[in-house]
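The values are calculated or read from the model by the stated rules, or taken from the named source; none is laboratory data. What you see is a predicted model; the values in this text were computed from it and never measured. Positions of Cβ are generated from backbone atoms using ideal geometry, with glycine treated the same way; all protein chains shown enter the neighbour counts.
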């Protein structure tokens with residue numbers, strides 16, 4: 001049971017890292033787009 005909880009915690013951390021990376025990547029693209037085309041926003 002303890003090992004299962006540990007694995008679940010690690011999986012949750014990995015999912016949070018992936019989600020954080022995707023959100024960061026999209027925000028970087030949005031900032032880059034805003035710098036390139038400020039008149040379209």
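Residue-wise test of (1) surrounded by 10 or more Cβ atoms within 10 Å (Cβ to Cβ); (2) at pLDDT below 80.
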{"position": "5", "(1), (2)": "no, yes"}
{"position": "19", "(1), (2)": "yes, no"}
{"position": "23", "(1), (2)": "yes, no"}
{"position": "27", "(1), (2)": "yes, no"}
{"position": "35", "(1), (2)": "no, no"}
{"position": "38", "(1), (2)": "no, no"}
{"position": "41", "(1), (2)": "no, yes"}
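Whenever a residue of the range 8-25 is in a helix (DSSP H, G or I), it has no partner that is surrounded by 10 or more Cβ atoms within 10 Å (Cβ to Cβ) lying with C-beta atoms less than 7 angstrom away and at least six residues away or across chains.
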